[in-house]
Amino acid sequence: MKVKDSKFLWKLIGQIKKEKKLNVAVFYEEVPITGTIEIVEIDESLEQIIWKADKKILPTLKETRHIYFKHNGEVYILTVIAYDQKEIATSFPSYAIDQKLNRAYVRVKTSEKDPVLVVSDGYQLCADDISEAGIGIITSEEEKECIQEGKECQFEIRFRDNSIKLKGFVVYKRKAGKGIIRIGIKFTEIKQKDRDKIAKYIMDRQREIAKKIFLFKS
């Protein structure tokens, strides 16, 4: 979502320029990689900003083009246009619809090789991401009726050697591409021992993702 008020946009850019440096985060498989970038040049005609690159976030830009930052409580996105080892060219800031920097719980992408399965009413769906507070599912539109938006449901999560039964509230169902929908579920009833199992899975996935980032660097 663009920052529609041009006066506000230039005020924001002016404040960033005055501070010179910006603390940012890039999310790789939902894991935040933090760094600091510094303004080199602002191109008003192209609505682009050139930044001095931070080597910590460069490897992740091979997989994602969104850089997040927070300013006065609001979360914004810079879209990467081009980059090299020294500089990053981005769009002007825009409001972040997904408030990733305000999340209360760490979220990770699940592994395609070792999927997390969600079983409900005889349907078996693949989870896209998971946290201690909820789970995201990507599925086909043909299966969209298996979980009803705005309702609490009972389901089972299967991952690695674990099987967890719990309740959750379906917060949303929205399109995520042609013929694909995303379902977001918030856990409402879960045993602490099962939450601990999810927490361990998240820590293990973070280590796996960190190894992948290390391979990018090398």
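The values are calculated or read from the model by the stated rules, or taken from the named source; none is laboratory data. Everything numeric here is computed off the predicted structure, so don't read it as measured data. Ideal geometry is used to build each Cβ from the backbone, glycine not excepted, and the neighbour counts take in all protein chains shown.
Things to note:
- Verdict on residue 202 being buried (at least 16 other Cβ atoms within 10 Å of the Cβ) and modelled with pLDDT under 95: yes
- Total residues in the stretch 13-26, condition of a type in the set (A, V, I, L, M, F, W, C) and modelled with pLDDT of 90 or more: 4
- Residue tally, condition surrounded by fewer than 19 Cβ atoms within 10 Å (Cβ to Cβ) and under 18 Å from residue 12 (Cβ atoms), over the stretch 75-88: 2
- Annotation note: Cβ proximity below 9 Å between a residue of the stretch 176-198 that is more than 17 Å from residue 127 (Cα to Cα) and a residue that is part of a strand (DSSP E or B) and of a type in the set (Asp, Glu) (sequence gap 6+ or interchain) occurs for 188/152; 189/152.
- Enumerated strands (runs of 3 or more DSSP E) restricted to the stretch 109-218, each holding at least 3 residues that are small (Gly, Ala, Ser) and not assigned by TED's automatic domain parsing to the domain that holds residue 30: 134-140, 162-177
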